[in-house]
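Engineer: Shown below is the structure under consideration.
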Amino acid sequence: MSFQLPKLPYQYGALEPYFDAQTMEIHHTKHHQTYTDKLNQAVTGTEWESKSAEWLVSNLNQLPEKIRGAVRNHGGGFVNHNLFWQLLSPEFDQTPPPELLQKLENQFGSFTKFQEEFSNAAKTHFGSGWAWLVQKPSGELDIYSLPNQDSPLSMDDVPLLALDVWEHAYYLKYQNRRDEYIANFWHVINWQQVAKNLANSN
């Protein structure tokens, strides 16, 4: 299996003014392409090359040490970005479908409290990484951040919503204003995709 950079389901400028076209293009064609290429380099010619990227990231402990770090970093970068692009939509200010909204309200007390907790995970994460909404094996939802390109899949959690807080995701437009980037993320979320991720996890 040779991993391929997926096409985005929208144009690079489709998320303006919230996510700018130049950042989106560089993020996709440079950063995501690099993770794709280096994941291929890590597994091509090994017994693991036929596995899906999701399987590889979910089963890091089964991989030999010589490729484990590369798969964790570049495989994580590959699958995290594959999900991230699907979670964004040019149909601005969507609302969560009723079943998803009810689950968020039950878990976090209200949709507003969920937003606050998720935003705080993104704001307070030190350095590069991601903020995540996941479903635990127990069925409960959880919010946390992970460093670098680590994936919830490696922790047996199902990622539902993700926000990239590496500087390359926002610095051209927002410079050091990560809080503003996070606030604008709420305008471009594809809640139908989040609901689909939840349904597929059950």
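The values are calculated or read from the model by the stated rules, or taken from the named source; none is laboratory data. Because the structure is predicted, anything quoted here is derived from the model rather than measured. Neighbour counts run over all protein chains shown; Cβ positions are idealised from the backbone, glycine included.
Engineer: Does ASN59 count as within 28 Å of GLN175 (Cβ to Cβ) and either under 19 Å from the mean Cα position of the chain (by Cα) or surrounded by 15 or more Cβ atoms within 10 Å (Cβ to Cβ) (or both)? If you could, list the steps in order and put the result at the bottom.
Structural biologist: Working: within 28 Å of GLN175 (Cβ to Cβ): no; either under 19 Å from the mean Cα position of the chain (by Cα) or surrounded by 15 or more Cβ atoms within 10 Å (Cβ to Cβ) (or both): yes.
No.
Engineer: Would you mind telling me which numbered condition in (1) of a type outside the set (A, V, I, L, M); (2) in a helix (DSSP H, G or I); (3) farther than 19 Å from LEU60 by Cα SER154 fails?
Structural biologist: (3)
Engineer: Among the residues that make up the stretch 103-117, is at least one of them surrounded by 19 or more Cβ atoms within 10 Å (Cβ to Cβ), more than 26 Å from GLU167 (Cβ to Cβ), among the basic types (Lys, Arg) and modelled with pLDDT of 95 or more?
Structural biologist: Yes; the residues of the stretch 103-117 include at least one that is surrounded by 19 or more Cβ atoms within 10 Å (Cβ to Cβ), more than 26 Å from GLU167 (Cβ to Cβ), among the basic types (Lys, Arg) and modelled with pLDDT of 95 or more.
Engineer: Suppose the filter is in a loop (DSSP other than H, G, I, E, B) and surrounded by 14 or more Cβ atoms within 10 Å (Cβ to Cβ); does PHE84 pass it? Let's see the steps before the verdict.
Structural biologist: On the way: in a loop (DSSP other than H, G, I, E, B): no; surrounded by 14 or more Cβ atoms within 10 Å (Cβ to Cβ): yes.
Considered against the rule, which asks whether it is in a loop (DSSP other than H, G, I, E, B) and surrounded by 14 or more Cβ atoms within 10 Å (Cβ to Cβ), PHE84 comes out as no.
Engineer: Given the criterion among the basic types (Lys, Arg), surrounded by fewer than 16 Cβ atoms within 10 Å (Cβ to Cβ), more than 20 Å from VAL188 (Cβ to Cβ) and in the same structural domain as ASN176 (by TED's automatic domain parsing), identify the matching residue among LYS66, LYS136.
Structural biologist: LYS136
Engineer: Which members of the stretch 184-199 meet the condition of being assigned to a helix (DSSP H, G or I) and either of a type outside the set (A, V, I, L, M, F, W, C) or in contact with a Phe, Trp or Tyr (Cβ under 6 Å, 6 or more places away or on another chain) (or both)?
Structural biologist: Across the stretch 184-199, the qualifying residues are ASN184, GLN192, GLN193, LYS196, ASN197.
Engineer: While we're looking at this one, here's another question. Considering the stretch 16-41 alone, what residues qualify as being free of Cβ contacts under 8 Å to residues at least 40 places away in the same chain and touching a Leu at 6+ places or on another chain (Cβ under 9 Å)?
Structural biologist: ALA21, MET24, THR29, GLN33, ASP37, LEU39
Engineer: Where residues in the stretch 1-42 are among the aliphatic types (A, V, I, L, M) and assigned to a loop (DSSP other than H, G, I, E, B), which of them is nearest to ALA183 (Cα to Cα)?
Structural biologist: Here the answer is LEU15.
Engineer: Next question. If you check ASN184 against the conditions, is it over 23 Å from GLY76 (Cα atoms), loosely packed, with under 14 Cβ neighbours inside 10 Å and either touching a residue at least 60 places away in the same chain (Cβ under 8 Å) or not aliphatic (A, V, I, L, M) (or both)?
Structural biologist: no
Engineer: Of the residues ASN197, ASN148, ASN176, only one is within 19 Å of LEU101 (Cα to Cα) and either surrounded by 20 or more Cβ atoms within 10 Å (Cβ to Cβ) or at pLDDT 95 or above (or both); which?
Structural biologist: Details: ASN148 fails: within 19 Å of LEU101 (Cα to Cα); ASN176 fails: within 19 Å of LEU101 (Cα to Cα).
Of the residues listed, the single one that is within 19 Å of LEU101 (Cα to Cα) and either surrounded by 20 or more Cβ atoms within 10 Å (Cβ to Cβ) or at pLDDT 95 or above (or both) is ASN197.
Engineer: Hey, does the stretch 91-100 have a residue that's within 20 Å of VAL194 (Cα to Cα) and buried (at least 17 other Cβ atoms within 10 Å of the Cβ)? Talk me through it step by step, then tell me what you get.
Structural biologist: In the first step, residues of the stretch 91-100 are kept if they are within 20 Å of VAL194 (Cα to Cα); the result is 91-100.
Restricting the remaining residues to those that are buried (at least 17 other Cβ atoms within 10 Å of the Cβ) gives 96, 100.
Scanning the stretch 91-100, I find at least one residue that is within 20 Å of VAL194 (Cα to Cα) and buried (at least 17 other Cβ atoms within 10 Å of the Cβ), so the answer is yes.
Engineer: Okay, next question. Outside any loop (DSSP other than H, G, I, E, B), over 17 Å from ASP156 (Cβ atoms) and not assigned by TED's automatic domain parsing to the domain that holds ALA169: which single residue out of GLY77, GLY45 fits that description?
Structural biologist: Within the list GLY77, GLY45, the selection yields GLY77.
Engineer: Filter the stretch 38-54 down to the residues that are surrounded by 14 or more Cβ atoms within 10 Å (Cβ to Cβ), under 21 Å from the mean Cα position of the chain (by Cα) and not aliphatic (A, V, I, L, M) and list them by number.
Structural biologist: If the condition is that a residue be surrounded by 14 or more Cβ atoms within 10 Å (Cβ to Cβ), under 21 Å from the mean Cα position of the chain (by Cα) and not aliphatic (A, V, I, L, M), then LYS38, ASN40, LYS51, GLU54 are the ones that fit.
Engineer: Run TRP186 past the list (1) under 19 Å from ASP93 (Cβ atoms); (2) over 15 Å from the mean Cα position of the chain (by Cα); (3) not hydroxyl-bearing (Ser, Thr, Tyr) and report the number of the one that doesn't hold.
Structural biologist: (2)
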